[in-house]
2 protein chains.
Amino acid sequence: MSFENLVKDRHSAVNFIEDVEMTEDDFKNIFELTKTAPSAFNLQFAEYLVITDKEKKERVKELSYNQYKIHTASAVILVMGNKNSLEMSEVEKIYGPMKMLKMMDELEYEMVVETINRYSEGLKANPSEFDVELARNVGLHAMLFMLSAKHYGFDTCPMHVHNVEEVRKEFNIPQHIEPIMMITIGKSVDKVRARGYRKPVGEFVRFNGY
Amino acid sequence: MSFENLVKDRHSAVNFIEDVEMTEDDFKNIFELTKTAPSAFNLQFAEYLVITDKEKKERVKELSYNQYKIHTASAVILVMGNKNSLEMSEVEKIYGPMKMLKMMDELEYEMVVETINRYSEGLKANPSEFDVELARNVGLHAMLFMLSAKHYGFDTCPMHVHNVEEVRKEFNIPQHIEPIMMITIGKSVDKVRARGYRKPVGEFVRFNGY
């Protein structure tokens with residue numbers, strides 16, 4: 001499908017066809033495209049917990065004001081930000097191979113590590129700015145996930161995470177992993193439906209100043 | 001171009017070909033696709049300030065540690081979150097037409113307005129959660145912007161906004177509009193280049209629990 005049609009066809013699903021199963025391979029195809037998303041200093045903050053297990057999915061539903069679409073979705077996915085992405089051991093995992101493959105020389109490597117160090121210290125000193133950074137990066141990633149899902153024939157709906165601490169406990173999510181949003185995925189019941197009203201471009205875009 | 005090729009071809013541009021001009025129509029085409037992005041309760045928080053004016057663009061460069069790509073980019077774009085999106089007058093602008101067009105009945109309308117009211121009060125009482133909400137929504141929107149730009153033949157690079165208050169002053173950005181990120185756009189100097197290392201899918205995706 002062309003990009004334009006794919007973008008126009010993507011809608012947030014209101015409800016899903018029950019009992020449509022998605023395999024780990026379905027998800028891997030989607031994630032192979034999703035992983036190309038950009039991130040600050042390429043630190044790749046986004047982490048996903050894909051819940052296909054029916055009982056566990058029902059538990060998420062209970063913790064999410066019993067929203068019915070979680071019951072009929074093939075999976076509910078927690079999209080999270082990994083705070084450890086700022087640790088130098090993680091930074092080296094990403095930049096080490098690039099230095100080894102001569103994609104960057106020693107000097108560039110030193111410069112980028114120094115820049116990331118400053119950036120990392122700034123965020124660690126300012127937890128609410130760090131939360132915003134995770135949300136921004138996860139948002140970029142999650143949009144590419146939803147489009148990639150559509151490309152492979154699956155519909156999605158972005159959702160808020162409710163009762164975060166109970167969700168964390170239920171799935172043993174470590175403290176350094178911050179749940180940011182949730183996505184239900186499956187096959188939409190509605191094949192075609194009118195999109196919610198969107199503001200005209202002139203109402204949210206300005207040129208050269210206010 | 002197919003979605004898959006478009007995703008694979010999109011890279012953050014390291015530098016841009018100087019003096020490539022983009023017209024307001026170029027941007028309008030991109031934004032017509034971008035505006036389909038989902039947002040919490042369809043409140044459409046994202047706002048864009050497109051800076052094509054050369055002198056003004058240089059001013060952003062000065063305020064952004066003189067990053068050279070801002071000089072060569074066709075435009076630098078501030079991607080922002082509109083805090084007034086939570087105001088009931090804005091909510092009515094979005095849901096009023098849907099009620100009028102019978103896309104929802106009176107009861108559905110009342111229910112959605114009540115839900116948004118609760119959500120809105122929650123965010124207003126918790127400014128740091130509101131900041132996260134804006135970043136998450138703007139992130140989703142900005143990724144669709146960058147892919148749509150690529151679809152129309154333009155390369156992009158997502159960037160941090162530095163010296164936010166000076167930027168705000170320079171462009172008379174009202175207090176209820178929060179700068180969240182910046183995007184440089186134009187034609188990339190590099191036609192093909194190796195993508196920065198990405199973690200394999202197995203390192204950022206888990207199934208059914210930790």
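On the rotation axis linking copies B and A, which residue of B comes nearest by its Cβ, and by how many whole Å?
B:139, 1
Which value, in square angstrom to the nearest 100, describes the accessible area buried between chains B and A on both sides, using a 1.4 angstrom probe?
7000
Between copies, how far apart are the residue B:19 label points? List them in nm, one decimal, shortest first, with each point 7 Å from Cα toward Cβ, please?
6.7
Along Cα-to-Cβ, 7 Å out, sits the label point; list in nm, shortest first, how far the one on residue A:58 is from those in the other copies.
6.8
Please go through the residue pairs A:99/B:56; B:8/B:56; A:83/B:93; B:57/B:83; A:169/B:8 and name each one whose alpha carbons sit more than 31 Å apart in this structure.
The pairs that break the limit, which is 31 Å between Cα atoms, are A:99/B:56; B:8/B:56; A:83/B:93; A:169/B:8.
Taking residue B:88 in one copy and the same position in all the others, each labelled 7 Å out along Cα→Cβ, what are the pairwise distances from the first, in nm, shortest first?
5.5
If I model a spin label as a point 7 Å beyond the Cα along the Cα-Cβ vector, how far apart are those points for residue A:4 and residue A:101 in nm?
3.4
Just the number please: accessible area per residue for chain B, 1.4 Å probe, all protein chains included, in Å².
44
Could you work out the per residue convex hull volume over the alpha carbons of the protein assembly as shown, in cubic angstrom?
Dividing the Cα hull volume of the protein assembly as shown by its residue count gives 139 Å³.
Between A:74, A:120, A:148, which gets the highest mean-square fluctuation from a Gaussian network model of chain A, Cα cutoff 10 Å?
The residue with the greatest mean-square fluctuation here is A:120.
Ignoring ligands, DNA and RNA, what percent of the accessible area of chain B is carbon or sulfur (1.4 Å)? It would help to have the intermediate numbers written out before the result.
Numbers: 4610 of 9250 Å².
Taking all protein chains in place, chain B shows 50 percent carbon and sulfur surface.
Compute accessible area for segment A:186-202 by itself and then with all protein chains, 1.4 Å probe, and report residues whose area falls by 50 Å² or more.
The answer is A:197, A:198, A:199, A:201 - residues whose exposure falls by at least 50 Å² when every protein chain is included.
Apply the a/c threshold of 1.5 to the C-alpha gyration tensor of chain A and tell me whether it is rounded, prolate or oblate.
prolate
Please list, by residue number, every one of the trypsin sites (Lys or Arg not before Pro) in segment B:83-153 that is coil in DSSP and has at most 12 other beta-carbon atoms within 10 Å. Mind dumping the intermediate values first?
On the way: sites: B:83, B:93, B:99, B:102, B:118, B:124, B:136, B:150; in loops: B:102.
Those satisfying the criteria are B:102.
So how strong a dipole does segment A:13-168 carry about its Cα centre when Lys and Arg Cβ are +1 and Asp and Glu Cβ are -1, to the nearest 20 debye?
For segment A:13-168, the charge dipole is close to 260 debye.
Using the alpha-carbon atoms, what tilt in degrees (0 to 90, nearest 10) does helix B:88-100 show relative to the longest principal axis of chain B?
Taking Cα atoms only, the helix is inclined about 80 degrees.
Along the Cα→Cβ direction, 7 angstrom out, place labels at residue A:21 and residue A:192. What is the inter-label distance in nm?
3.3
Sort out the exposed loop GluC sites (Glu not before Pro) in chain B (DSSP loop, at most 16 other Cβ within 10 Å) and tell me the longest stretch that has none.
B:88-210
Going by the alpha-carbon gyration tensor, a ≥ b ≥ c the square roots of its eigenvalues, is segment B:1-95 rounded (a/c under 1.5) or, if a/c is not under 1.5, prolate (a/b greater than b/c) versus oblate?
oblate
Suppose we keep just the DSSP beta bridges with both residues in chain B; what percent of those would be antiparallel, to 5?
Once the DSSP bridges in chain B are tallied, antiparallel ones form about 95 percent.
The values are calculated or read from the model by the stated rules, or taken from the named source; none is laboratory data. A quick note: this is a predicted structure, and the numbers were derived from the prediction, not measured. Note that we place each Cβ from the backbone using ideal geometry, even for glycine, and neighbour counts take in every protein chain shown. Accessible surface is based on the protein model in full, side chains and every heavy atom, while ligands, DNA and RNA are left aside. Shrake-Rupley method; radii C 1.70, N 1.55, O 1.52, S 1.80 Å.
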